[in-house]
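Structure record follows, encoded as structure tokens.
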Amino acid sequence: MKKLANILPKEFLQSIKGETNIDIKGLELDSRKVKSGFLFVAFPGTLVDGHNFIESAIKNGAIAIICVTLPQKLVEGVTYIQSNEPGKLIGLVASAFYGKPSEKLDLIGVTGTNGKTTTATLLYQLYRKLKYKCGLIATTGIWIEDQKLDATHTTPDVITLNALLADMAEADCDFVFMEVSSHALVQDRVFGLNYKGGIFTNLTHDHLDYHLTFENYRDAKKLFFDRLDLEAFALTNIDDKNGKYMVQNSKAVRATYGLMNNADFKAKIIEYDLHGMQLLVDGHEIYTNLTGKFNAYNLLAVYATAKLLDEDEPTLITALSSLKSVEGRFNFVQNHDITGIVDYAHTPDALQNILESVQEINVEGSNIITVVGCGGNRDKTKRPVMARIAADYSTQVILTSDNPRDEDPETIIHEMEAGIPFQKKRSVLSITDRKQAIKTACILAKKGDIILVAGKGHEKYQEIKGVKYPFDDKQILTDLLNETRN
């Protein structure tokens with residue numbers, strides 16, 4: 001519980017109607033969850049307008065309201081705080097309410113199109129091996145040491161985020177590693193947090209349904225580095241064409257990593273196959289169970305971050321070699337001489353990276369069978385592109401349903417089919433039922449073949465018309481390989 005006057009900043013305030021010397025017991029964005037003594041935030045929102053629920057929040061016990069537009073009728077005994085930047089205001093309020101938790105630990109953010117989850121999770125693994133207490137906030141879940149919580153968004157809302165960080169600080173976490181999405185940056189979900197460092201992985205085609213243009217998407221990511229302070233570090237992938245742009249206006253200490261260009265932290269792939277990879281990292285040979293060029297970048301980003309955080313190099317090199325693959329990221333299923341791979345690749349660049357890696361380690365020239373779909377209510381322009389990439393890099397493609405959400409899955413598949421070159425059409429099947437599509441791949445596969453099931457990775461559900469039905473790509477692939485090969 002905090003006095004409202006003590007958690008309100010001077011910035012982003014237009015007007016205050018009512019008393020500020022009142023006790024606030026909690027903060028809430030959802031009027032249905034408001035309790036007596038709470039402060040309710042009325043965001044304009046993209047789907048619903050929080051202003052429509054102010055009355056409901058007050059009935060549930062709200063004694064303070066943050067809003068953009070004041071209601072026509074003000075309720076006596078309720079304090080109204082008007083702001084034209086409610087996202088930034090609640091960011092500062094939430095930080096103050098929870099005791100500025102991001103200042104009590106070292107918070108590292110990872111942003112980019114691909115590699116966020118893997119990089120953040122590998123850092124979490126590494127620092128636990130180095131005997132630190134750690135937290136993780138990622139698409140695959142939220143961890144406070146060895147306690148796992150479910151994640152509903154890549155980056156939680158600003159109130160939940162500060163509450164989580166407070167719990168992590170209470171658990172004496174030394175470090176917290178988190179993914180920072182473009183949506184979170186634009187919506188000010190991470191505003192007011194104190195970051196020790198930021199990492200840029202790469203930038204490719206994604207989320208244009210929300211940002212509308214690639215430039216808007218790029219500049220949303222850049223916001224993260226623009227806001228880092230002088231005592232933080234900004235680590236960027238110099239091999240990405242947007243790497244320099246990301247940090248050009250950052251006040252933080254800048255550092256670069258890369259495989260191809262001159263960089264502060266440099267790595268080279270010596271060799272790799274399905275089972276692992278040998279790297280030369282700043283002159284040190286490392287063998288890892290992770291494989292693929294994309295994972296070389298992820299590991300290098302992890303190494304560079306640890307060096308910027310002044311970790312002991314010999315200990316670091318040993319620990320790096322023991323890191324394990326992240327759930328839903330290039331996970332293997334081996335059965336009867338068939339190799340199955342499950343991966344979260346759901347953008348054109350991620351799919352191409354995965355398939356290029358599969359081709360390079362496919363030294364025996366076996367067939368590559370790719371099962372892939374595209375999510376509904378998301379960027380439609382990537383659908384034909386992903387289908388074309390799958391066709392270009394695979395022997396056989398099976399287009400199927402992903403998370404269709406509110407869209408017709410067959411319509412999504414038809415839009416994907418538009419990207420298939422004429423000469424490749426004979427090697428492409430369309431099977432709407434995802435389980436049946438995976439089963440067909442298992443039936444078609446011969447000894448030595450590789451099946452890639454892409455798009456959902458760690459997810460344990462398939463979202464259709466607002467309902468999440470149980471669906472686990474890795475388990476289903478494992479079961480169907482057993483069923484079809486016996």
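Filtering 306, 345 for residues that are at pLDDT 90 or above, surrounded by 17 or more Cβ atoms within 10 Å (Cβ to Cβ), in a helix (DSSP H, G or I) and of a type outside the set (Asp, Glu) leaves a single hit, 306. Where strands (runs of 3 or more DSSP E) fall wholly inside the stretch 217-277, the ranges with 3 or more residues that are surrounded by fewer than 20 Cβ atoms within 10 Å (Cβ to Cβ) are 265-273. Residues in the stretch 364-400 that are open to solvent by 10 Å² or more (accessible area, probe 1.4 Å), of a type outside the set (Asp, Glu) and part of a loop (DSSP other than H, G, I, E, B): 365, 366, 367, 375, 377, 378, 380, 381, 394, 395.
Among the residues of the stretch 35-53, is there at least one that is among the basic types (Lys, Arg) and assigned to a helix (DSSP H, G or I)? Quick ask: steps written out before the conclusion?
The initial filter retains those residues of the stretch 35-53 that are among the basic types (Lys, Arg), namely 35.
Keeping just the survivors that are assigned to a helix (DSSP H, G or I) gives none.
Taking every residue of the stretch 35-53 in turn, none turns out to be among the basic types (Lys, Arg) and assigned to a helix (DSSP H, G or I).
Out of 63, 22, 54, one residue alone is surrounded by 20 or more Cβ atoms within 10 Å (Cβ to Cβ), over 26 Å from residue 190 (Cβ atoms), over 27 Å from the mean Cα position of the chain (by Cα) and without any contact (Cβ under 8 Å) to a residue 60 or more places away in the chain. It is 63.
Just name the residue that is nearest to residue 408 (Cα to Cα) out of those in the stretch 450-471 that are in a loop (DSSP other than H, G, I, E, B) and open to solvent by 10 Å² or more (accessible area, probe 1.4 Å). So that I can check it myself, show each step before the final result.
Of the stretch 450-471, the ones in a loop (DSSP other than H, G, I, E, B) are 455-460, 465-466, 471.
If we keep only those that are open to solvent by 10 Å² or more (accessible area, probe 1.4 Å) as well, we get 458-460, 465-466, 471.
Working: 458: 23, 459: 20, 460: 21, 465: 9, 466: 13, 471: 18 Å.
Ranking the qualifying residues of the stretch 450-471, first place goes to 465.
Counting just the residues of the stretch 66-115 that are within 21 Å of residue 167 (Cα to Cα) and either free of Cβ contacts under 8 Å to residues at least 12 places away in the same chain or basic (Lys, Arg) (or both), which one comes out surrounded by the fewest Cβ atoms within 10 Å (Cβ to Cβ)? Before the answer, list the steps.
Restricting attention to the stretch 66-115, the residues satisfying the condition of being within 21 Å of residue 167 (Cα to Cα) are 90-110.
Subset that is either free of Cβ contacts under 8 Å to residues at least 12 places away in the same chain or basic (Lys, Arg) (or both): 100, 104.
Details: 100: 18, 104: 16.
Once the filter is applied, the top-ranked residue is 104.
On the basis of being surrounded by fewer than 20 Cβ atoms within 10 Å (Cβ to Cβ) and within 24 Å of residue 109 (Cβ to Cβ), does residue 325 make the cut? Write out each step before concluding.
Values: surrounded by fewer than 20 Cβ atoms within 10 Å (Cβ to Cβ): yes; within 24 Å of residue 109 (Cβ to Cβ): yes.
Here the answer is yes, as residue 325 does meet what is asked.
Considering only the stretch 407-431, state which residues are assigned to a helix (DSSP H, G or I), over 14 Å from residue 391 (Cα atoms) and open to solvent by 60 Å² or more (accessible area, probe 1.4 Å). Listed by number, the residues that qualify are 410, 414.
The values are calculated or read from the model by the stated rules, or taken from the named source; none is laboratory data. Just so it is clear, the model here is predicted, and its values are computed rather than measured. Don't worry about glycine lacking a Cβ; one is built from the backbone with ideal geometry, like all the others, and counts go over all protein chains shown. Surface accessibility is based on the protein's heavy atoms, side chains included, excluding ligands, DNA and RNA. Shrake-Rupley method; radii C 1.70, N 1.55, O 1.52, S 1.80 Å.
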